[in-house]
Amino acid sequence: MECDVPKGWHHWGGLTCTNYKGMHLGGTYNYLNASQWRANFDATGQQLVGKATIKIWNGVHQSEFLGNQTVEQAAKAVAAGKPFFIHTTPVMVHGGTCAGPQPQGDYDYWDPYWEHHNPDPTPVGPEGEPKGTMLTGSPCPTRKHAWNFNGLTNPHVPSWGVFQNGTVPDNIAEAGDPDTKGCCDEWEAGRQDMVYRNRTAAVVDLDDMLSTIFNGLEGLRVLESTYIFFSSDNGFHLGEHRLLFGKTKPYATDVRLPMYVRGPDVPAGQVRWHPTTHIDITATIAELAGGAARYSPHPIDGLSFAAVLKATPPPFASWRDFSFSEFYVGQNTWRNIRMLGADGQPAWAFHFWCSNQTEVYKEAVDPWQMNNLGLDTAFGAKIVSRYLSATEMLGACVGKSCHTMPAAVPASANPLPCHDPGELLAVAEAWMD
């Protein structure tokens with residue numbers, strides 16, 4: 001989703017923004033009409049070689065060309081006898097259109113574009129006015145897999161369609177109001193099933209892309225000497241806590257996600273419970289590549305988990321036993337600490353909102369986060385008293401101070417202001433679900 005070409009790469013093939021110098025492009029969130037930068041740099045990564053151009057992938061699914069391009073770039077490095085770092089970011093399984101932008105009449109009937117023009121007809125107003133919500137979370141799977149999961153339905157887990165017990169933060173109460181935009185009437189539940197099926201099919205497309213990459217690296221004879229990290233930038237809720245769909249809340253559905261790592265000396269089939277965040281990946285790659293000394297003069301917030309990938313990892317309690325996440329958009333501004341227990345499993349989660357409201361969940365016995373202990377219980381009050389100031393310090397930390405839990409100190413008078421989203425909401429991009 002880049003409107004400019006950043007320096008520091010030998011090749012930049014990032015997907016573009018949708019509006020560039022008066023051109024309306026497919027951008028990132030079109031699966032069959034994506035637009036992609038083609039830019040090559042000199043050995044320093046600072047000077048363009050020739051001009052940066054834009055390639056339009058008309059009728060070619062992202063899962064097809066991104067996998068092949070990954071192998072092509074690896075082949076160039078292998079031929080030159082150089083190590084390589086490749087960051088491949090497909091849109092799967094994010095919501096998006098199959099093709100576009102184009103006149104409305106040109107969209108196929110099965111294109112997720114129509115989700116933006118399919119409001120909930122359920123009457124909710126005093127005069128029978130329709131609810132009007134639109135569920136726009138479907139990706140565009142390939143025709144090969146699109147109908148593979150026709151009978152699949154969205155799992156209605158214990159938190160689906162209901163608020164948590166105890167205090168419900170203002171932002172959640174508004175977003176989850178079933179009479180305005182919250183979950184879920186019969187029509188919305190049916191649309192969620194459709195989104196769930198489409199996202200599941202898109203996962204198979206993603207798996208096909210990974211197969212292309214793995215087979216390509218094996219053909220280059222570098223698969224066994226290459227570290228591969230596979231993860232996502234966020235989770236997704238689809239009805240939990242009465243939230244219709246999305247990804248920007250502090251609940252486990254949104255902030256917990258798996259990460260898979262394959263590489264030299266990484267034991268196969270093992271699970272590590274050490275809690276990481278994505279800023280740790282940068283530090284880990286730098287250490288594995290022998291570049292840690294080069295960034296040491298510059299503070300890096302992430303903690304390398306290279307040692308965790310070994311056959312005998314350090315105990316997670318002595319490495320780090322918590323994770324921290326945060327989000328800043330208006331009333332949807334929050335900070336979140338998740339703590340692991342001695343057994344390596346989630347113990348509790350603490351959310352602090354800019355509305356000065358708290359959520360505390362004992363995840364060991366409440367995995368779906370249904371009972372907010374908040375300030376209403378001795379346990380919740382103890383967590384808030386000890387860790388509220390920690391959310392402030394972790395939100396402002398730099399370098400190694402981000403690696404450990406801050407000591408207990410009194411919190412400030414205004415621990416977390418509600419942030420003005422500013423230009424964020426003016427971004428001319430579609431499908432920002």
Give segment 229-252 a look and list any residue that's touching a residue at least 40 places away in the same chain (Cβ under 8 Å), within 15 Å of the chain's Cα centre (by Cα) and under 30 Å from residue 353 (Cβ atoms), or say none.
231, 233, 236, 238, 245, 246, 247, 248, 249, 250, 251, 252
Is it the case, given these coordinates, that residue 406 is open to solvent by 70 Å² or more (accessible area, probe 1.4 Å), of a type outside the set (A, V, I, L, M) and at pLDDT 95 or above?
no
Options 70, 88: the member that is closer than 23 Å to residue 140 by Cβ, assigned to a loop (DSSP other than H, G, I, E, B) and in contact with a helix residue (DSSP H, G or I) (Cβ under 9 Å, 6 or more places away or on another chain):
88
Give 302, 374 a once-over and let me know the one that is within 20 Å of the chain's Cα centre (by Cα), open to solvent by less than 20 Å² (accessible area, probe 1.4 Å) and of a type in the set (Gly, Ala, Ser).
302
If I filter segment 166-177 for residues that are touching a residue at least 12 places away in the same chain (Cβ under 8 Å), of a type in the set (A, V, I, L, M, F, W, C), in a loop (DSSP other than H, G, I, E, B) and surrounded by fewer than 19 Cβ atoms within 10 Å (Cβ to Cβ), do I get at least one hit?
yes
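So that you can scan it fast, the table gives a plain yes or no per residue for (1) open to solvent by 50 Å² or more (accessible area, probe 1.4 Å); (2) part of a loop (DSSP other than H, G, I, E, B); (3) among the β-branched types (Val, Ile, Thr):
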site	(1), (2), (3)
180	yes, yes, yes
197	no, no, no
200	no, no, yes
203	yes, no, yes
210	no, no, no
Quick check on residue 388: is it touching a residue at least 40 places away in the same chain (Cβ under 8 Å) and either under 25 Å from the mean Cα position of the chain (by Cα) or surrounded by 16 or more Cβ atoms within 10 Å (Cβ to Cβ) (or both)?
no
Run down 198, 171, 165 and say which single residue is under 22 Å from the mean Cα position of the chain (by Cα) and more than 30 Å from residue 33 (Cα to Cα).
171
Out of everything in segment 409-433 that is surrounded by 12 or more Cβ atoms within 10 Å (Cβ to Cβ) and of a type in the set (D, E, K, R), what residue ends up being modelled with the highest pLDDT?
420
How many residues of segment 133-159 are open to solvent by 50 Å² or more (accessible area, probe 1.4 Å) and within 24 Å of the chain's Cα centre (by Cα)? The answer is 7
Would you confirm whether or not segment 68-86 contains a residue that is over 30 Å from residue 220 (Cα atoms) and touching a residue at least 60 places away in the same chain (Cβ under 8 Å)?
no
Regarding segment 53-63, can at least one residue be identified that is basic (Lys, Arg) and under 29 Å from the mean Cα position of the chain (by Cα)?
yes
Name, by its number, the condition in (1) more than 21 Å from residue 222 (Cβ to Cβ); (2) more than 25 Å from the chain's Cα centre (by Cα); (3) in contact (Cβ under 8 Å) with a residue 24 or more places away in the chain that does not hold for residue 47.
(3)
Between a residue in segment 190-201 that is closer than 23 Å to residue 63 by Cα and any residue that is of a type outside the set (S, T, N, Q) and open to solvent by 40 Å² or more (accessible area, probe 1.4 Å), which pairs come within a Cβ distance under 7 Å, given they are 6 or more apart or on different chains?
195/245; 196/152; 197/149; 197/152; 200/149; 200/152; 201/149
Residue check, residue 146 against (1) of a type in the set (Gly, Ala, Ser); (2) in contact with a helix residue (DSSP H, G or I) (Cβ under 8 Å, 6 or more places away or on another chain); (3) closer than 30 Å to residue 418 by Cβ, all met but one. Which one?
(3)
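The values are calculated or read from the model by the stated rules, or taken from the named source; none is laboratory data. These numbers come from a predicted model, not from an experiment. Cβ sites come from the backbone with ideal geometry, for glycine too, and all protein chains shown count toward neighbours. Heads up: the accessible areas ignore ligands, DNA and RNA and are worked out on the full protein's heavy atoms, side chains in. Shrake-Rupley method; radii C 1.70, N 1.55, O 1.52, S 1.80 Å.
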